1. Condition (residue is polar (S, T, N, Q), modelled with pLDDT of 95 or more and within 25 Å of the chain's Cα centre (by Cα)) applied to the stretch 38-59: is it met by at least one residue?
2. Can you confirm whether ALA26 is modelled with pLDDT of 75 or more, within 30 Å of SER134 (Cα to Cα) and in a helix (DSSP H, G or I)?
3. Across the stretch 70-95, what is the total count of residues that are surrounded by 15 or more Cβ atoms within 10 Å (Cβ to Cβ) and part of a loop (DSSP other than H, G, I, E, B)?
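The values are calculated or read from the model by the stated rules, or taken from the named source; none is laboratory data. If you're wondering where the values come from, they're calculated on a predicted model, not measured in any experiment. Glycine also receives a Cβ, built like all others from the backbone with ideal geometry; neighbour counts cover every protein chain displayed.
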Amino acid sequence: MYDRLRVLLSGGWSSKVNNKKRLRRAILVSAILVLPLFVVGAAWWVSRTIQSSLLGPVHTFQIANSPPYLTDVLAVEKAKEALALDGYDLSRWAPREDRRSTAPDGTPDIYLARNGINPDNGYVVFERKEGEPSAPRPSVTVELRGNQMTCQVCQPK
């Protein structure tokens, strides 16, 4: 009898049930908060893994006499240098004509696909020269910032 009284005074059996409910709620709330963080972290990791397998290093070139905007000739020249630095044999690759964009002065671009918002940014796609076996076409993203030009090769799989 004394044991029953002590249990009732201490909150009874219902306090044990309430503690279990509180524990379940705490676990549920923790799971609801942690699960999205886990999903976002996993998505970030997967995207970084894929990106690192497709993109080469960023190459930065100093331009002695920087033009007022990125020219088609400069873009192709530095894109070729970036390809060579990433191990491509330039005797087997040639820039592919694009002709969709124009320079700020109205000159049509031949190889450079210029960014419509930032005319100092774009990309050049390369293809195998005639007689060479076909292969995925690498593209080189190019950007002119003042007297620096950055290039990064993307190799599609």
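1. No.
2. no
3. 4
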